[in-house]
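For reference, the structure is listed below as structure tokens.
The values are calculated or read from the model by the stated rules, or taken from the named source; none is laboratory data. Since this is a predicted model, take the numbers as computed values, not measurements. All Cβ positions, even for glycine, are placed from backbone atoms using ideal geometry, and neighbour counts span all protein chains on display. We work out accessible area using only protein heavy atoms, side chains counted, and drop any ligands, DNA or RNA first. Shrake-Rupley method; radii C 1.70, N 1.55, O 1.52, S 1.80 Å.
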Amino acid sequence: MKGRIKELEAIHRLTADYYDKTARKYGLKFFHIKYLIEISEEPGRQQDSFVRRGNLNKSSITRHFAFLEENGFIHRKVDEKDRRVLRIFPTEKTLDAMPDFERAFEKWNSILTADLSKQEDETLKNLLLKIKQNAEAFLLSEEENETNP
């Protein structure tokens with residue numbers, strides 16, 4: 001692998017290593033923090049809405065969320081209108097841990113962008129957003145091509 005992808009993967013690995021230190025304090029893995037932040041920001045979100053993120057399938061998400069539920073970080077509730085839908089809610093344990101997670105996020109963000117000017121930081125955000133949108137659009141079109149040959 002060359003260039004941009006190699007660098008993005010290296011940043012991802014380093015980020016995982018950094019978040020693992022905070023996660024370990026709670027008996028979690030780095031990826032759990034991202035889920036818990038998202039669940040706290042949007043309580044009641046459908047479990048299946050997490051499937052596309054990180055290219056995880058339904059069974060992986062179900063396993064991750066079962067772990068979080070068993071360890072008291074979330075609770076899942078069947079939707080009243082559609083019993084096939086599981087809604088995810090943070091528990092008090094998660095809400096108590098959020099300041100640690102947010103501090104870790106802010107610190108890591110400031111470390112990664114320490115040498116960037118405000119203009120460079122804004123440009124980086126915009127470029128990364130475009131790259132993410134391109135990837136999502138491509139994968140969505142691939143899925144549509146697979147289901148509509």
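A viscosity of 0.692 mPa s and a temperature of 37 °C, combined with the Kirkwood radius over C-alpha pairs in the Stokes-Einstein formula, give region 1-52 a diffusion coefficient of 260 µm²/s.
Share of carbon and sulfur in the accessible area of the chain stands at 54%, probe radius 1.4 Å. Among the protein heavy atoms, those of Asp121 account for about 40 Å² of accessible surface (1.4 Å probe, every chain in place).
Using the Cβ of Arg13 as centre and a radius below 13 Å, the other residues enclosed give a net charge of -3, where K and R count +1 and D and E count -1.
Annotation: peptides 57-69, 106-118, ranked by per-residue average of other Cβ atoms within 10 Å with the highest first, follow the order 57-69, 106-118.
Note on region 74-149: the C-alpha convex hull projects to 8.7 nm² when averaged across all orientations. Using a probe of 1.4 angstrom and keeping all protein chains present, the accessible surface of region 58-149 works out to 76 square angstrom per residue. Summarising the overall dimensions of region 1-110 from its C-alpha atoms, the Rg and Dmax are 15.0, 49 angstrom.
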